[in-house]
Structures are given as structure tokens and as C-alpha cells.
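I have placed the structure first, in the form of C-alpha cells, so that the comments after it can refer back to it.
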Amino acid sequence: MCVAMPGEVVKLNGTKATVSFDGNVIEVEAGLVKVKIGDFVLVHAGCVIQVISDFDKDMLLDLISEIENA
């Protein structure tokens, strides 16, 4: 199963975004969605697929934590 992970955009370079996932920083493709530094985004297969709200980010991180602890 593949899961889109929430992260925060910390840097932009053309169509590439550097995204922090709780301190793990990865460069991903961001050309499909308009993003800015500070946005929380969903990343799947190395691509930003959606900008999400703080509420949605918190909810997703809580669900992921529950799954990890199950």
C-alpha cells in the first residue's frame, strides 16, 4: 500500500520543493501544484499532490501515529 505523507515546504527551486517530514528533508517535484514556503503538502511518489490545511495535517499525523502504534 502506498501512502501520501504530509510535510512542510521549506525551500523552493523552480519546480522542485524541499519538504520537511518531521525533520527528514527531501526534494520533491512540485510542478503539479502551486506551493509556497510554509505550506503543508501531501507528497506521494516524490510529487506534491495537494496543499493541505493545518487541521488536515494534524489529523493525518494523528492517524499515522495511531497506525504506527497499533
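The values are calculated or read from the model by the stated rules, or taken from the named source; none is laboratory data. Note that the structure is a prediction, hence the values are computed from the model and not measured. Reconstructed Cβ throughout: ideal geometry from the backbone, glycine too, with neighbour counts over all protein chains shown. SASA here: full protein model, heavy atoms, side chains in, ligands and nucleic acids out. Shrake-Rupley method; radii C 1.70, N 1.55, O 1.52, S 1.80 Å.
Among the protein heavy atoms of the chain, carbon and sulfur supply 56% of the accessible surface, probe 1.4 Å, non-protein parts ignored. Between Ala4 and Ser65, the simple label model (points 7 Å from Cα in the Cβ direction) yields a spacing of 2.2 nm. Here are several values of percent of Cα pairs over 20 Å apart: [x] 23; [y] 27; [z] 35. Which one was derived from the coordinates shown? Computed from the coordinates, percent of Cα pairs over 20 Å apart corresponds to [x]. With springs only between Cα atoms under 10 Å, which of Leu60, Leu32, Leu42 fluctuates most in a Gaussian network model of the chain? The residue that fluctuates most here is Leu32.
Note down the magnitude of the dipole of the chain about its Cα centre, charges +1 on Lys and Arg C-beta and -1 on Asp and Glu C-beta and zero elsewhere, to the nearest 20 debye.
On the way: 5 positive and 11 negative charges, 90 e Å.
Approximately 440 debye in magnitude.
Are there any trypsin sites (Lys or Arg not before Pro) in segment 9-50 that are in a DSSP loop and have at most 13 other Cβ atoms within 10 Å? List them by number. Before the final figure, lay out the partial values.
Working: sites: Lys11, Lys16, Lys34, Lys36; in loops: Lys34, Lys36.
Listed in order of number, the matching sites are Lys34, Lys36.
Remark: the chain carries 69 Å² of accessible area per residue (probe radius 1.4 Å; ligands, DNA and RNA excluded).
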